[in-house]
1. Quote the charge dipole size of the stretch 6-109 about the Cα centre in Debye, to the nearest 20; the model charges only the Cβ of Lys and Arg (+1) and of Asp and Glu (-1).
2. Is any residue of the stretch 66-84 close enough, with backbone N under 11 Å, to a label point placed 7 angstrom from the Cα of ASP60 along the Cα-Cβ axis, and if so, which?
3. I want to make sure I understand the PRE zone here: with the label point 7 angstrom from the Cα of THR80 toward its beta carbon, which residues in the stretch 20-36 have backbone N atoms less than 14 Å away?
4. So for ARG58, ARG31, ARG67, fewest C-beta neighbours within 10 Å to most, what's the order?
5. Please rank HIS79, HIS25, fewest neighbouring Cβ atoms within 10 Å first, as an exposure proxy.
Amino acid sequence: GRYGYGVNGEFGGHGIGRTMHEAPHVANSGRPRRGMRLEPGLTIAIEPWFCRSTDKIRTDEDGWTIRSADGSRTAHSEHTVAITEAGPRVLTGRPGVEESPAARATLADQR
């Protein structure tokens with residue numbers, strides 16, 4: 001990536017509903033205005049996974065634990081975003097901390 005970190009393309013976010021990791025798949029990469037249209041009523045999890053020296057991951061034998069393919073450090077976070085008539089709303093934000101204007105603009109631009 002631009003800052004020297006890989007972003008895994010296999011892993012991604014997902015829809016939020018009644019089951020775990022349901023459709024739609026939310027890719028961690030793409031080009032603006034080329035993906036799924038964000039419509040009011042949609043709730044998704046955005047899950048970027050940054051890897052220090054590779055963009056490849058592997059799953060441990062337990063079938064659940066995921067690591068970078070080369071054992072390098074990684075960082076993973078998840079935010080749940082509801083698309084509303086008034087624009088995107090980050091549901092997992094920290095209390096007392098407003099969403100950044102850049103994040104709001106990026107999500108709004110995807111509508």
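Just so it is clear, none of the values below were taken in a lab; they were calculated from the coordinates. Not measured: the values here are computed from a predicted model. Cβ atoms come from the backbone with ideal geometry, glycine included; neighbour counts cover every protein chain shown.
1. 300 debye
2. Only 66-67 pass the distance filter.
3. Those under the cut-off are 20-22.
4. Neighbour counts put them in this order, fewest first: ARG31, ARG58, ARG67.
5. Going from least to most buried by this count: HIS25, HIS79.
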